[in-house]
């Protein structure tokens, strides 16, 4: 095949253009490039007795809206509590009496941190600590609790 | 009797030894070849029209098979995925399943295999035929290095085409899954795209997928040009070289995929 | 014509009239010795033929001169320089002064006839396109194929392809042109044409030509000197007149086309009768 130089260039140009277009499509429409692009944010720390299935990069939501992501999860060797660092997007502020709970979206959905703001007038600064936390609901413990209660009412009769 | 057995074993060992040494020698030769090709990279880009031409032959001419295959793979993924997810009430995650499968694995790997069969074998056949008809020798005797003028542009044409083809494959796959999932099966489009967007991470999934496709592109292109350059200058030589290219490229893609996946996606379960 | 051959013992570096010299060259592929102590001199401006049966090492000699192969021992000198000792850049610089006509042409099949001949000009010179066009058309005119300039190699007959390859070989006006079996597989008309062109180009451009062939008839018509190679050695040499008059057994077998002689008819085998009567 002996193509003219220009028509070959045109085809290659089209090819490269749609290839890069596909990459952009994947990045923006399929992936979460736009939200990752903002490095602006500040950090809050929360301590939990049990984080359940919470993972790094899990979302932090307030009223169902994603306001940040979990950045780091560590264990405090002194208190044996989980220390979770959350990166909150700039533009959102939370009161000092905000409650951080570990929730599951639906029955099998992903685990995320839900933030319920309180009525306090003071806002948490960068590096602030969320005082009130609610650990994840562990199914086995729930079942164990249920059976224990059942047994207790049974013998109490 | 015993001495015959002993001679037989000695012969077999001797053959094994010479085959191994021949294999190692070939590996060494291939490595030196790789270095020589990479060394000629500046030549491939100063004469840009040569490389552009090769991008056309490797990439543009592979578009049809890549786009059609991507569409069908996406559609089948959606059908099968829906069937399984439905049992756990997780149909809303169909988009997530399809997107992650394509971007992380199927896009780079299947596009790589298709590329190796179509473009890789074509490159090998072309170079092998040029060697058989003494065109490479003629070029050498005209003081033009065939590595710079024939081999390097084809290598870089392949390396540049691969990631673009893999991305196009994944895109068509997602589109095919959308057609099946939203249009056919009536999944909510908001859930389809929304869950997908929140589950597919640019850095982790898409960039890793792109890295994979670049690595596969390098492997397939290098194997294709090497087998062509090393082919015996006969009809059987060229045909066995093209077969070797397809087989070796496919194995290389699958093996590299395993290694890369272990390194890239290791920490994800934590 | 008597000064066409010069004793090989005198060093070529001191004599600019020697274009190519092989001094006691040996070459082997793995275990098989192909050339065993070959010595020959090719004076500037002459057409010299290297003849012999198939597989006797003729093409190997061309590859040694062109630097595609390295001699195991002995020296290959071109214009006084030892080819085997050159590094890659120097070798490529020297090759720019060569032209080579490959068996069956070896034209670049993805380019037109014009592009094939312009190839070397574009790669090695900075000449503007108009000048290149003039040169290409001149070379094509010299071989009588100016009208075929825009055909593709696949559209050419064997003879035409050979002529285009010849034009390509002399595109840069080389100092030395090597011909690998230029007469192989050609019809009688093309044979005559190619032979005449080799001679005329050589004299017109003042180049040196080395022709590897086994076509005795054509060679006797156009060359200045001939070397006969058999089993890795030079078994005979001389001018065309000397060769015609020679009573050397090998030369006679070759020139007259005898099936049996110094080059045996039968491949080495056990005695005929014994093999027929032997039990399987």
Check your understanding: Within region B:119-134, can one find any residue that is more than 20 Å from residue B:216 (Cβ to Cβ) and in contact with a strand residue (DSSP E or B) (Cβ under 7 Å, 6 or more places away or on another chain)?
Key -> yes
Exercise for review: Check residue A:39 against each of (1) crowded, with 18+ Cβ neighbours inside 10 Å; (2) modelled with pLDDT under 90; (3) more than 11 Å from chain B (Cβ to nearest Cβ) and name the one condition it does not meet.
Suggested key: (1)
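The rows are residues; the columns are (1) crowded, with 19+ Cβ neighbours inside 10 Å; (2) within 11 Å of another protein chain (Cβ to nearest Cβ); (3) touching a helix residue (DSSP H, G or I) at 6+ places or on another chain (Cβ under 9 Å); (4) at pLDDT 95 or above.
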{"residue": "B:181", "(1), (2), (3), (4)": "yes, no, yes, no"}
{"residue": "B:188", "(1), (2), (3), (4)": "no, no, yes, no"}
{"residue": "B:197", "(1), (2), (3), (4)": "yes, yes, yes, no"}
{"residue": "B:203", "(1), (2), (3), (4)": "no, yes, yes, no"}
{"residue": "B:206", "(1), (2), (3), (4)": "yes, yes, yes, no"}
{"residue": "B:215", "(1), (2), (3), (4)": "yes, no, yes, yes"}
Review point. Name the pairs: first residue in region A:11-30 and at the interface with chain B (Cβ under 7 Å from one of its Cβ atoms) and within 17 Å of residue B:98 (Cβ to Cβ), second residue at pLDDT below 90 and surrounded by 17 or more Cβ atoms within 10 Å (Cβ to Cβ), Cβ to Cβ under 7 Å, at least 6 apart or on different chains?
Key: A:26/B:206; A:27/A:33; A:27/B:202; A:27/B:206; A:30/B:196; A:30/B:197; A:30/B:200
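Conditions tested, residue by residue: (1) over 22 Å from the mean Cα position of the chain (by Cα); (2) farther than 17 Å from residue B:146 by Cβ; (3) in a loop (DSSP other than H, G, I, E, B); (4) within 12 Å of chain A (Cβ to nearest Cβ).
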position: B:33; (1), (2), (3), (4): no, no, no, no
position: B:38; (1), (2), (3), (4): no, no, no, no
position: B:55; (1), (2), (3), (4): no, yes, no, yes
position: B:65; (1), (2), (3), (4): no, yes, no, no
position: B:71; (1), (2), (3), (4): no, yes, no, no
Study note, to complete from the structure: Those residues of region B:77-112 which are facing another protein chain (nearest Cβ under 9 Å) and either without any contact (Cβ under 8 Å) to a residue 40 or more places away in the chain or out of contact with any helix residue (DSSP H, G or I) (no Cβ under 7 Å at 6 or more places or on another chain) (or both) amount to B:88, B:89, B:90
Exercise for review: Please specify each residue of region C:36-69 satisfying the condition of being in contact (Cβ under 8 Å) with a residue 40 or more places away in the chain and either more than 18 Å from residue C:226 (Cα to Cα) or within 12 Å of chain B (Cβ to nearest Cβ) (or both).
Suggested key: C:36, C:59, C:62, C:64, C:65, C:66, C:69
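Residue-wise test of (1) away from chain B (no Cβ under 11 Å); (2) at pLDDT 90 or above; (3) in contact with a strand residue (DSSP E or B) (Cβ under 9 Å, 6 or more places away or on another chain).
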| residue | (1), (2), (3) |
| --- | --- |
| C:159 | yes, no, no |
| C:177 | no, yes, yes |
| C:184 | yes, no, yes |
| C:193 | yes, no, no |
Exercise for review: Need at least 3 residues that are in contact with a strand residue (DSSP E or B) (Cβ under 8 Å, 6 or more places away or on another chain) and within 25 Å of residue C:39 (Cα to Cα) per element, so show me which helices (runs of 4 or more DSSP H) inside region C:226-280 make the cut, counting only ones lying wholly within it.
Suggested key: C:249-256
**Study point:** Selected residue [more than 26 Å from residue C:176 (Cβ to Cβ), at pLDDT below 90 and in contact with a helix residue (DSSP H, G or I) (Cβ under 6 Å, 6 or more places away or on another chain)] from C:255, C:235
**Key:** C:255
Review point. Is it fair to say residue B:64 is closer than 17 Å to residue B:220 by Cα, exposed (fewer than 12 other Cβ atoms within 10 Å of the Cβ) and out of contact with any strand residue (DSSP E or B) (no Cβ under 9 Å at 6 or more places or on another chain)?
Key: no
Check your understanding: Which of the residues belonging to region C:77-112 are under 15 Å from the mean Cα position of the chain (by Cα) and more than 10 Å from every other protein chain (Cβ to nearest Cβ)?
Key -> C:78
Check your understanding: Do we have any residue at all in region C:124-141 that's under 22 Å from residue B:127 (Cα atoms), more than 14 Å from chain B (Cβ to nearest Cβ) and loosely packed, with under 15 Cβ neighbours inside 10 Å?
Key -> no
Check your understanding: Out of (1) surrounded by 16 or more Cβ atoms within 10 Å (Cβ to Cβ); (2) within 21 Å of residue A:131 (Cα to Cα); (3) modelled with pLDDT of 90 or more, what's the single condition that is false for residue A:19?
Key -> (2)
Revision key, fill the gap. Per the filter on region B:199-236, residues closer than 21 Å to residue B:84 by Cα and part of a helix (DSSP H, G or I) are B:199
Study note, to complete from the structure: Within region B:123-135, restricting to residues that are at the interface with another protein chain (Cβ under 9 Å from one of its Cβ atoms) and assigned to a helix (DSSP H, G or I), the one that is nearest to residue B:236 (Cα to Cα) is B:129
Check your understanding: For region C:113-122, which residues satisfy the criterion of being over 23 Å from residue C:208 (Cβ atoms) and within 9 Å of chain B (Cβ to nearest Cβ)?
Key -> none
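The values are calculated or read from the model by the stated rules, or taken from the named source; none is laboratory data. Model, not experiment: these values are computed from the prediction. As a convention, Cβ positions derive from the backbone with ideal geometry for all residues, glycine included, and neighbour counts pool all protein chains shown.
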